[in-house]
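The values are calculated or read from the model by the stated rules, or taken from the named source; none is laboratory data. The structure presented is a predicted model; accordingly, all values stated were derived computationally and were not measured. Methodologically, a virtual Cβ is constructed for each residue, glycine included, from the backbone with ideal geometry; neighbour enumeration extends over all protein chains shown.
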Amino acid sequence: MQNFLEEFYNFAKENNINVYRCAAVRGDGEPEAIKINGGNPCQNSYSAAKAFVVTAIGLLYDDGVLKTDEYICDILADYCPENMSPLWKKITVDMALRHHLGLPGGFLDIDTHDANTFGFDYLGHALSYPIKEPDEFVYTDAAFYILGRVAAAKAGKPLMAYLWERLFFPLECREVAWSCCPQGYIMGATGLYIRTIDMVKLGAVYLNNGTYKGKRILSEEWVKIVRERPYLRPISENNTAYGHGGMRGQKLIIIPESNCAVAWHGWLSDGLTDFVLDYFKNH
């Protein structure tokens, strides 16, 4: 991947794009990374964090302890407020993964709102909201905060502890931290601080049908489900590339047709997605 990383570096420099690091992997090879501009080794991935929550749900699905058609209110029954709208009883894990919650866009977004306005109990704040019929896609961070709570409940332990055991340690990640709500639960939708070279390893897992360096992380079934529903978001036409992006230019891209995955962290790094897709279309 060295040629690609050098081309990525040159494109970013020539276009004055403020990207910090890029990492890439081909097939089941060793991930490689390049530094473009100065920045701390661990960066906030913003909404690219959602890909890791999708994976946590997948791990629990593979364990047989979670089904995507389960109702969130059944899983989180001990936390449901009395004044909760009856519409919440319709919401399944699958609907939350697809942002079909009936909540307004941007709800529970700590990156654009003062987090103190959500109170001490973020879950109660969300479940008390008078939602609309959950019949359409509305992108909201609340979906993945709730999914993080669902995953923790099913795992029976803090989600970070579960993910270190089942994902971060097997992927040989060096440093990982996740912003939490006042009660100590990970935000899920945002606030994941991770090295770029470690973020691209998650792309390698999906690229290789659930394995990393020969180790089974996820089932092939879950990888197929994620692609088809889709729980990770299409990044190119016809879903030939998919993954997740984050505010201010973070990105994780999986390109199965080119047998590669790419990740980067930056600040307002516009133009890089098209460059990456064009590069692998022609190489």
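Among residues that are under 23 Å from VAL205 (Cα atoms) and either in contact with an Asp or Glu (Cβ under 9 Å, 6 or more places away or on another chain) or in a loop (DSSP other than H, G, I, E, B) (or both), ALA177 is not included. Condition test on LEU127, is it in contact with a Ser or Thr (Cβ under 9 Å, 6 or more places away or on another chain) and modelled with pLDDT of 95 or more? Yes.
Here is a yes/no grid of residues against (1) under 22 Å from LEU272 (Cβ atoms); (2) under 23 Å from the mean Cα position of the chain (by Cα); (3) outside the structural domain of GLY148 (by TED's automatic domain parsing):
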position: GLU14; (1), (2), (3): yes, no, yes
position: LEU59; (1), (2), (3): no, yes, no
position: GLU70; (1), (2), (3): no, yes, no
position: TYR79; (1), (2), (3): no, no, no
position: MET84; (1), (2), (3): no, no, no
position: THR92; (1), (2), (3): no, yes, no
position: GLY106; (1), (2), (3): no, yes, no
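Which one is farthest from TYR145 (Cα to Cα), of the residues in the range 184-197 that are in contact (Cβ under 8 Å) with a residue 60 or more places away in the chain and within 13 Å of the chain's Cα centre (by Cα)? Checked the range 184-197; the qualifying residue farthest from TYR145 (Cα to Cα) is ILE194. The condition (being buried (at least 21 other Cβ atoms within 10 Å of the Cβ) and touching a helix residue (DSSP H, G or I) at 6+ places or on another chain (Cβ under 7 Å)) is satisfied by just one residue among GLY243, GLY249: GLY243. The set of residues in the range 142-201 that are basic (Lys, Arg) and buried (at least 17 other Cβ atoms within 10 Å of the Cβ) comprises ARG149, LYS154, ARG166, ARG195, LYS201.
For the range 68-103, the candidate set comprises residues that are touching a strand residue (DSSP E or B) at 6+ places or on another chain (Cβ under 9 Å) and loosely packed, with under 14 Cβ neighbours inside 10 Å; within that set, the residue that is farthest from TYR231 (Cα to Cα) is LYS89. When the residues of the range 255-275 are filtered to those that are closer than 18 Å to TYR46 by Cβ and β-branched (Val, Ile, Thr), which remaining residue is modelled with the highest pLDDT? Of everything passing the filter in the range 255-275, VAL262 is modelled with the highest pLDDT. In the range 120-142, the residues that are under 9 Å from LEU103 (Cα atoms) reach residues that are surrounded by fewer than 21 Cβ atoms within 10 Å (Cβ to Cβ) and polar (S, T, N, Q) with C-beta atoms within less than 6 angstrom, at least six apart or across chains, in these pairs: PRO130/SER85; ILE131/SER85. Of the residues making up the range 252-270, at least one is at negative phi, crowded, with 16+ Cβ neighbours inside 10 Å and part of a helix (DSSP H, G or I).
Is it the case that VAL53 is within 23 Å of ALA161 (Cα to Cα), touching a residue at least 40 places away in the same chain (Cβ under 8 Å) and surrounded by fewer than 16 Cβ atoms within 10 Å (Cβ to Cβ)? No; evaluated as a whole, the condition is false for this residue. The set of residues in the range 115-129 that are over 12 Å from PRO182 (Cα atoms) and part of a loop (DSSP other than H, G, I, E, B) comprises SER128, TYR129.
Entry remark, the range 127-165: residues being within 23 Å of GLN43 (Cβ to Cβ) and charged (D, E, K, R) number 1 in total.
Let's see how each residue does on (1) over 23 Å from GLU70 (Cβ atoms); (2) in a helix (DSSP H, G or I); (3) at pLDDT below 95:
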position: ILE131; (1), (2), (3): no, no, yes
position: ASP135; (1), (2), (3): no, no, yes
position: TYR145; (1), (2), (3): no, yes, no
position: TYR162; (1), (2), (3): no, yes, no
position: LEU171; (1), (2), (3): yes, no, no
position: ASP198; (1), (2), (3): yes, yes, no
position: VAL205; (1), (2), (3): yes, yes, no
position: ASN209; (1), (2), (3): yes, no, no
